[in-house]
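Enquirer: Starting off with a structure, shown below.
The values are calculated or read from the model by the stated rules, or taken from the named source; none is laboratory data. Keep in mind that this is a model prediction, so the values were computed, not measured. Counting neighbours? That spans all protein chains shown, and the Cβs are built from the backbone with ideal geometry, glycine included. Note: accessible area is taken over every heavy atom of the protein model, side chains too, but ligands, DNA and RNA are not part of it. Shrake-Rupley method; radii C 1.70, N 1.55, O 1.52, S 1.80 Å.
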Amino acid sequence: MRKIALAAAVIGLFAASYVIPALAQTPAAPPPVRVRGTIEKVDGDNLTIKARDGMEMKVAVTPTTRVQSLVKKSLADIKAGDFLASTGMKGTDGKIHAIEVRIFPEATPDGGRQFAWDLGSDSVMTNATVGTVAEAPQGKLVHVKFKDGESEYSIGPEVPILAPVPGDKSLLKPGVAVFLAGPKGADGTVTATFMYVEKDGIKPPM
């Protein structure tokens, strides 16, 4: 019986030697493509969007695409315990200065993170929970914590403070500003995972 068990273990290790390298060689999924622009055409679930750089982008909307609009909030609405998403720029002082802030009803499943953003070499996105909010010479200074660390950034009085609210495909009309992200297919079409859509004059600022 012992010999049979030993033989089974050897066979298992031999098989694993083939499986593990195969898994290691599986290519990582490409990062999502971000699209900022204005809807030019709506054809069912297919959109033609003129991006900020003038490029024409094809975007597909699926039943799982999360469509949201934004509503205005204020600096006074930000408090300890809130989960914020904020685009920021590193200033000449080396500190992060927010250019937009969104207040979410709850934290993301990953607990938040901070990463490079694509609005310039000094741009950064911070998704994190507010620890403290302090008065600053102009606006507020928030200290936030995310899964792998902590950070802080200032929020000036001119920075738009917003909150996402659920939307639907009825918001998708020509002339409306959008911000979206999703995988790009071989034909160049971006399948939107989520979309922020302009409503009541409030355009996605990120």
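Enquirer: Nearest 500 deg cm²/dmol is fine: what mean residue ellipticity at 222 nm does the chain get from its DSSP H runs of n ≥ 4 alone, each adding -39,500 (n - 2.57), divided by its residue count? Let's see the in-between values first.
Expert: On the way: 1 runs with 23 residues, N = 206.
Roughly -4000 deg cm²/dmol at 222 nm, from the helical runs in the chain.
Enquirer: What net charge is computed for the residues neighbouring Ala136, neighbours being all others with C-beta under 14 Å from the C-beta of Ala136, Lys and Arg scored +1, Asp and Glu -1? Let's see the in-between values first.
Expert: Details: positive: Lys95, Lys140; negative: Asp93, Glu135, Glu152, Glu158.
Computed value for this residue: -2.
Enquirer: Less than 19 Å from a label point 7 Å out along the Cα-to-Cβ axis of Val165: which backbone N atoms in the range 50-78 qualify, by residue?
Expert: 66-78
Enquirer: Per residue, how many Å² of accessible area does the chain show with a 1.4 Å probe?
Expert: On the way: 12330 Å² over 206 residues.
Value for the chain: 60 Å² per residue.
Enquirer: A further question on this structure: Which is the longest stretch in the chain that no exposed loop site breaks, taking sites as GluC sites (Glu not before Pro) with a DSSP loop state and at most 14 other Cβ atoms within 10 Å? Provide the component values of the computation, followed by the final result.
Expert: Details: sites that count: Glu106, Glu158.
For GluC sites (Glu not before Pro) (loop position, at most 14 other Cβ atoms within 10 Å), the longest site-free span of the chain is 1-105.
Enquirer: Please give the per residue volume of the convex hull enclosing the alpha carbon atoms of the chain, rounded to a whole number of Å³.
Expert: Spread over its residues, the Cα hull of the chain gives 200 Å³ apiece.
Enquirer: Working out 0.36 nm times the residue gap between Ala134 and Asp110, then minus their Cα-Cα distance, what length gain in nm do you get to one decimal? Can you show the working numbers first?
Expert: Working: separation 24, 0.36 × 24 = 8.64 nm, distance 2.61 nm.
So the extension gain works out to 6.0 nm.
Enquirer: Under 15 Å from a point placed 7 Å out from the Cα of Arg34 along the Cα-to-Cβ direction: which residues of the range 95-127 have their backbone N that close?
Expert: 97-102, 113-127, by backbone N distance to the label point.
Enquirer: Let me ask something else about it. Once you've got the Cα coordinates, tell me which of Lys79/Lys169; Lys90/Lys145; Lys73/Lys203; Lys145/Lys199; Lys50/Lys147 are over 24 Å apart.
Expert: Result: Lys79/Lys169; Lys145/Lys199; Lys50/Lys147 exceed 24 Å.
Enquirer: By the gyration tensor of its Cα atoms, with a ≥ b ≥ c the square roots of the eigenvalues, what is the shape of the range 66-156: rounded for a/c under 1.5, prolate for a/b over b/c, or oblate?
Expert: Working: a/c = 1.28, a/b = 1.11, b/c = 1.15.
The shape class here is rounded.
Enquirer: Moving to a separate point now. Could you look at the chain and say what percent of its accessible area is carbon and sulfur, using a 1.4 Å probe and all protein chains? Kindly include the intermediate steps, with their values, before the conclusion.
Expert: Details: 7160 of 12330 Å².
Using a 1.4 Å probe with all protein chains present, the chain comes out at 58 percent carbon and sulfur.
Enquirer: For helix 2-24, what angle does its Cα long axis make with the longest principal axis of the chain, in degrees from 0 to 90 and rounded to 10?
Expert: For 2-24 against the chain, the angle is about 40 degrees.
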